[in-house]
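Written below as structure tokens is the structure these notes are about.
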Amino acid sequence: MLTPSQFYGPATAIAFYHNDFLIAGHGPLLRIFNWKTAEQITEYRIFERNCVRGLFIAEDEALVWGATSFAVVSLTDALEQRKTAKECHSFDWIFSGIVHNETIYLLTAHNVVLAVDKESHKVIQTYSCIEDPMLYSGDLAVKDDRIHVASGTIFGPILVWSLDSLTPRHRLVGHVGSIFAVKWSADLTRLATGSDDRSIKLWDVSSGRCLSAGWGHDARVWALQFIDNNTLLSSSEDCTCRVWRQNQTLQCTDNRLVHVGKHAWNVAFNCRSRVYASCGGDGAVFLNDIDLTQHIALPDTTIDKSLANGHGTAWKGFTDYAPRCLLAATDTGAVMRLSLRPEPVASLLVEPATINSNTSISTWPHSTLSCFSDGEGSLVVFCHNTGRIYAHWTHGTAKRTIHLCRGSADTHYLFSQSSAPGDSLIMDVFDFSATGLSNHSSVHLTTPAAFLTSSTCVLETQGLIVAGSRLGSIAVYSLNHTQLQYTQSGVLSQGSAVTSLTATDTGSVLCTTRDGFYALLDIAEDKLVITHSSKVAKGSIEGGRLFCGSLYLWGFRTNTFVFWNATEHYTYFSVVCGGIHRAWAFVADLESNCARFTFAKAGALHQVERPIRSEKFAQSSLTNAFHGREVRSIKFSPHGDVLATGAEDTLIRLSTVTSDGRIETKTVLNHHVSGIQDMAWAATGRYLFSSGGREELYAWKVEWNKPVLAASMVSAAPKFSENADLRITGLCTFTDELVQYTAGCFSDSSICVWRFENETFVPAVKGVYRSCCLLNIDVVEADDKRWLVLTATDGYVIVYALDLAASELLSPALTVKVHQSGIKGYVRFAKGRDSWYILCGGDDCAIAVVEFTVAPTATAKVVSVKRSAHSSCITGLIRTSLNEFVSISEDQNVRKWRVSEGELELLESHYTCIADTGSGDYYEKCLVIGGSGISTWTEL
């Protein structure tokens, strides 16, 4: 008997209750959290089939609605884990609801408000506005015992009316597109609206006049909340939450990418604690402290112009050496100390005549020393507390780029290199203590041709120096002998700068690149070994650090600087600064819980500062993010210890599944640029193969050293066609004399079998079926022969004889018409030594049994068909035992079948709240089903 265990799906509704609790709707489930401690208090199913779409809190009760369902929940009972709510239904979709004077008011999709008795749940009155367009959104509010309605229509106008006057008071026009978000202010004097046109508008209710409008979201606006009458919160399809402040226009003052994939569905604000929560399509519930970010600007005019000697006062470089303190170099070569609190103050630290004007400046971590270089090869080491200069060295006559590293105790490393052809990387090493600078030595490190250093790292315990270049190669030197040991090019990507190299506590190196890759590297004797790698969806990574089990990254997305936690998928802040091509500095002081970003823009220095973790709540995420788009492939590893899930959000998640069906994500792989189509494990479980659109086929090496699960992309298959615009729709794996093979089918009827040797894909056999899309591929082995079995959108099962010594597939050995159209579901059972039952689920809602025999000759025939096995197209078949399987369908029914002597017997049927079901797998009594979310089932 299959029993639902866990649900991981979109979180679509959210609301605060009192000051300590947060209520979230996940699919049909209602979950209540103590948001301060991140403890989930209770969870229970509120609706049988529909998903929770809205919440209204009235004292100790919550009105919950979704689609046509609604219920009133006693929150007192819920906190004591007593379920007393009753699901009721309206005749139309519900977009908003409130409870007032023991009556439930529901705004429905045809601009009709239903008044429902709270006790009997019967409709006692219906209010129909004289304008009855279709709605996509709405909001109900109460003032002076009057029910006020704001209706967002599908054609753009917003209708403002009340139940005591069914004629609209205002017909607000200004949006271009459907209205997806409408919200009253607390005093009902203002109305906020969001639209398909990606804009947000603020309206004066008394006059019907648009007060201001704001643009910034990249997709539709789903939800709005008032912080006060001039400040708004918004959430959008682009996965961001934004804070808006009214001026002459609505200006975005805070922008955070809080969810992955698609949709930040809803947002709620706690006015007492000034904390807001968001929920999204990835199932995550995140908290944000609205008071954290502070932004100050230091204009050029604060520089004493007499210090510039008439040569101007432009900023040429700066570094952040302490909270609220900067060092900045001007175009005259002066170095100034800038104190930013309580008011910005500039004071001269180093005289302008010390070096020339082409200045860059940097600070050693956890040190009172800073260094600046000029355009003529000078390097100056000085104390930023006192301004005293301790060293002034000259290496050549050209400007040198500097990279600073700290060693153990008092050791400081200074690496510098000019862009002159053939210039070596010079390492200056010295100790610094209260008595001054000592034990200085200068060493020239020979660099490979065209190697311009972009980052450095010193591993003292291993006696190594690691340097990254602007073109993506990495050089490893002996620290003791200062000799080049080896260089490895294109470690993560070819031609993109290695932006940072950071030593970790385990002895590995965290590497980041400008085109968005990051990886953990082990430094072997003769090569770099990638133990884990991934890639951000867009933008660059300029630096990173591992701290307390979380990976922190920072970089740029077009014109915005972003600092985020890659482990929790949580953005701490994003600042519109104009992009990477400007002077900037960033400090992530994780030990002190503070991050600061400083940049130059429009003649001023700007600094954004905030604590990394808020003291108002224990952790930022109440539920962890899962896939933000439909899950299209689910595969257990051969030993069942790792679950791989791939989705249209382009991500692959490697997870473990507990005995009670809980999925715990261990790592996330991001290298695909199109949605995942299929995945397959090698028989050893050491390699995972994944396919997507644009002919993407990758091999991932998976290392499972508990509790750490690491994976890195080790190979990409060569593109199959000239335009590389095909989807690899199906994958399977097999071995031949210990050689790994991967077989794939394409959306244009192409077939390819790759030999995977030395972690490299080599095409071995190719073929073409017809002109339709192939959907599934399988390899059948019998009597030293192999057969390729495929299904297609033309309803056929196709069988090829597979000869690995041949380069081309011959004509199909067998073709059998099974379904009217596409065959998405496929599973195979052994019938005898040389025969099998192939079960196919089709778009025609049928499940067919095909008997396939290879001896004495290959034959295939349909032996039975179960018509109307589902009420909609069948999207997957999942084998659960020697003769049983589960079918999934777009009708959201999960049905278990037994095949015996070619006939099908229905054993059980259940409804799943996972929409768009299309993938699944089974291992030892655990069934996992994916679509718009994931559900786990236990077989009792």
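The values are calculated or read from the model by the stated rules, or taken from the named source; none is laboratory data. Keep in mind that this is a model prediction, so the values were computed, not measured. Glycine gets a Cβ as well: all are built from the backbone with ideal geometry, and neighbour counts include every protein chain shown. Calculation scope for accessible area: heavy atoms of the full protein, side chains included, ligands and nucleic acids excluded. Shrake-Rupley method; radii C 1.70, N 1.55, O 1.52, S 1.80 Å.
Please verify whether SER712 is out of contact with any Phe, Trp or Tyr (no Cβ under 6 Å at 6 or more places or on another chain), farther than 14 Å from MET679 by Cα and either modelled with pLDDT of 95 or more or open to solvent by less than 60 Å² (accessible area, probe 1.4 Å) (or both), treating the condition exactly as stated. Before the answer, list the steps.
On the way: out of contact with any Phe, Trp or Tyr (no Cβ under 6 Å at 6 or more places or on another chain): yes; farther than 14 Å from MET679 by Cα: yes; either modelled with pLDDT of 95 or more or open to solvent by less than 60 Å² (accessible area, probe 1.4 Å) (or both): yes.
Yes.
Which residues, counting only those in region 793-846, are open to solvent by less than 30 Å² (accessible area, probe 1.4 Å), among the small types (Gly, Ala, Ser) and more than 40 Å from the chain's Cα centre (by Cα)?
SER835
Taking SER811 and the conditions (1) touching a Cys at 6+ places or on another chain (Cβ under 7 Å); (2) without any contact (Cβ under 8 Å) to a residue 12 or more places away in the chain; (3) not hydrophobic (A, V, I, L, M, F, W, C), which numbered condition does it fall short on, given that it satisfies the others?
(1)
Could you identify the single residue in SER278, SER235 that is closer than 30 Å to GLY675 by Cα and free of Cβ contacts under 8 Å to residues at least 60 places away in the same chain? Give the steps one after another, and end with the answer.
Details: SER278 fails: free of Cβ contacts under 8 Å to residues at least 60 places away in the same chain.
Only one candidate qualifies: SER235.
Looking at (1) farther than 17 Å from LEU651 by Cα; (2) open to solvent by 10 Å² or more (accessible area, probe 1.4 Å), find the lone condition where ALA743 falls short.
For ALA743, the failing item is (2).
So, restricting to strands (runs of 3 or more DSSP E) that lie completely within region 116-213, which ones have at least 3 residues that are under 22 Å from THR12 (Cβ atoms)? Break it down stepwise before answering.
Working: elements: 123-128, 135-143, 146-153, 158-162, 165-172, 179-184, 190-195, 199-204.
Answer list for region 116-213: 135-143, 146-153, 179-184, 190-195.
In contact with a strand residue (DSSP E or B) (Cβ under 9 Å, 6 or more places away or on another chain) and open to solvent by 70 Å² or more (accessible area, probe 1.4 Å): does that describe LYS86? Show your work before the answer.
Numbers: in contact with a strand residue (DSSP E or B) (Cβ under 9 Å, 6 or more places away or on another chain): yes; open to solvent by 70 Å² or more (accessible area, probe 1.4 Å): yes.
Judged against the criteria, LYS86 is a match.
Restricting to region 509-533, name every residue that is among the polar types (S, T, N, Q) and surrounded by 21 or more Cβ atoms within 10 Å (Cβ to Cβ).
Narrowing region 509-533 to residues among the polar types (S, T, N, Q): 512-513, 531, 533.
Result: THR512, THR513, SER533.
Matching residues to (1) buried (at least 20 other Cβ atoms within 10 Å of the Cβ); (2) in contact (Cβ under 8 Å) with a residue 24 or more places away in the chain; (3) under 30 Å from LEU464 (Cβ atoms); (4) not assigned by the TED database to the domain that holds PRO448:
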residue: ARG324; (1), (2), (3), (4): no, yes, no, no
residue: LEU338; (1), (2), (3), (4): yes, yes, no, no
residue: VAL350; (1), (2), (3), (4): yes, yes, no, no
residue: SER373; (1), (2), (3), (4): yes, yes, yes, no
residue: GLU376; (1), (2), (3), (4): no, no, no, no
residue: HIS412; (1), (2), (3), (4): yes, yes, yes, no
residue: PHE415; (1), (2), (3), (4): yes, yes, yes, no
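From the list GLY661, GLY628, pick out the single residue that is closer than 30 Å to ASP725 by Cα and not β-branched (Val, Ile, Thr). Steps first, please.
Numbers: GLY661 fails: closer than 30 Å to ASP725 by Cα.
From the options GLY661, GLY628, the qualifying one is GLY628.
Within region 724-740, is there a residue that is touching a Leu at 6+ places or on another chain (Cβ under 7 Å), under 28 Å from HIS819 (Cα atoms), surrounded by fewer than 20 Cβ atoms within 10 Å (Cβ to Cβ) and hydroxyl-bearing (Ser, Thr, Tyr)?
Here is the first cut: in region 724-740, the residues touching a Leu at 6+ places or on another chain (Cβ under 7 Å) are 728-730, 736.
From what's left, under 28 Å from HIS819 (Cα atoms): 728-730.
Checking which are surrounded by fewer than 20 Cβ atoms within 10 Å (Cβ to Cβ) leaves us with none.
Within region 724-740 (the criterion being touching a Leu at 6+ places or on another chain (Cβ under 7 Å), under 28 Å from HIS819 (Cα atoms), surrounded by fewer than 20 Cβ atoms within 10 Å (Cβ to Cβ) and hydroxyl-bearing (Ser, Thr, Tyr)), the answer is no, since none of the residues qualifies.
Kindly indicate whether any position in region 620-632 is open to solvent by less than 10 Å² (accessible area, probe 1.4 Å) and over 23 Å from ALA566 (Cβ atoms).
For region 620-632, residues open to solvent by less than 10 Å² (accessible area, probe 1.4 Å) and over 23 Å from ALA566 (Cβ atoms): absent.
(1) modelled with pLDDT under 95; (2) assigned to a strand (DSSP E or B); (3) of a type in the set (A, V, I, L, M); (4) open to solvent by less than 20 Å² (accessible area, probe 1.4 Å): which one isn't true of ILE888, the others all being true?
Just one mismatch for ILE888, condition (1).
Quickly run through region 31-63 and pick out the residues that are closer than 15 Å to LEU79 by Cα, part of a strand (DSSP E or B) and over 24 Å from the mean Cα position of the chain (by Cα).
ILE32, ASN34, ILE41, THR42, GLU43, TYR44, ARG45, ILE57, GLU61, ALA62
Tell me, yes or no, whether region 21-36 has at least one residue that is surrounded by fewer than 16 Cβ atoms within 10 Å (Cβ to Cβ) and modelled with pLDDT under 95. Give the steps one after another, and end with the answer.
First, the residues of region 21-36 that are surrounded by fewer than 16 Cβ atoms within 10 Å (Cβ to Cβ): none.
No, that holds for no residue.
Which one of the conditions (1) part of a loop (DSSP other than H, G, I, E, B); (2) under 26 Å from GLY539 (Cα atoms); (3) of a type in the set (A, V, I, L, M, F, W, C); (4) over 20 Å from the mean Cα position of the chain (by Cα) does ALA699 fail to meet, given that it meets all the rest?
Condition not satisfied by ALA699: (1).
Looking at THR435, THR461, can you tell me which residue is open to solvent by 30 Å² or more (accessible area, probe 1.4 Å), of a type in the set (Val, Ile, Thr) and within 28 Å of GLN488 (Cα to Cα)? Can you show your working first?
Values: THR435 fails: within 28 Å of GLN488 (Cα to Cα).
That would be THR461, the only listed residue that is open to solvent by 30 Å² or more (accessible area, probe 1.4 Å), of a type in the set (Val, Ile, Thr) and within 28 Å of GLN488 (Cα to Cα).
Out of GLY628, GLY603, GLY675, GLY685, report the one residue that is of a type outside the set (Lys, Arg), at pLDDT below 95 and in contact with a helix residue (DSSP H, G or I) (Cβ under 7 Å, 6 or more places away or on another chain).
On the way: GLY628 fails: in contact with a helix residue (DSSP H, G or I) (Cβ under 7 Å, 6 or more places away or on another chain); GLY675 fails: in contact with a helix residue (DSSP H, G or I) (Cβ under 7 Å, 6 or more places away or on another chain); GLY685 fails: in contact with a helix residue (DSSP H, G or I) (Cβ under 7 Å, 6 or more places away or on another chain).
Result: GLY603 is the single residue among GLY628, GLY603, GLY675, GLY685 that is of a type outside the set (Lys, Arg), at pLDDT below 95 and in contact with a helix residue (DSSP H, G or I) (Cβ under 7 Å, 6 or more places away or on another chain).
Can you give me the ranges of the strands (runs of 3 or more DSSP E) entirely in region 495-546 with at least 1 residues that are within 19 Å of the chain's Cα centre (by Cα), modelled with pLDDT of 90 or more and under 20 Å from ALA710 (Cα atoms)?
Working: elements: 498-503, 509-513, 517-523, 528-535.
Those strands (runs of 3 or more DSSP E) span 509-513, 517-523.
Quick one: count up the residues across region 853-885 that are over 29 Å from ASP916 (Cβ atoms), touching a residue at least 12 places away in the same chain (Cβ under 8 Å), hydroxyl-bearing (Ser, Thr, Tyr) and open to solvent by 50 Å² or more (accessible area, probe 1.4 Å).
1
Residues checked against (1) open to solvent by 20 Å² or more (accessible area, probe 1.4 Å); (2) under 23 Å from GLY174 (Cβ atoms):
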site	(1), (2)
ALA78	no, no
ILE94	no, no
VAL113	no, no
ILE130	yes, yes
VAL142	yes, no
ILE147	no, no
ALA150	no, yes
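Tell me, please, whether a residue that is at pLDDT below 95, under 25 Å from ALA268 (Cβ atoms), among the small types (Gly, Ala, Ser) and open to solvent by 10 Å² or more (accessible area, probe 1.4 Å) can be found in region 202-209.
no
Considering region 221-263 alone, what residues qualify as being open to solvent by 20 Å² or more (accessible area, probe 1.4 Å) and within 19 Å of PHE16 (Cα to Cα)?
Result: TRP222, GLN225, PHE226, ILE227, ASP228, ARG242.
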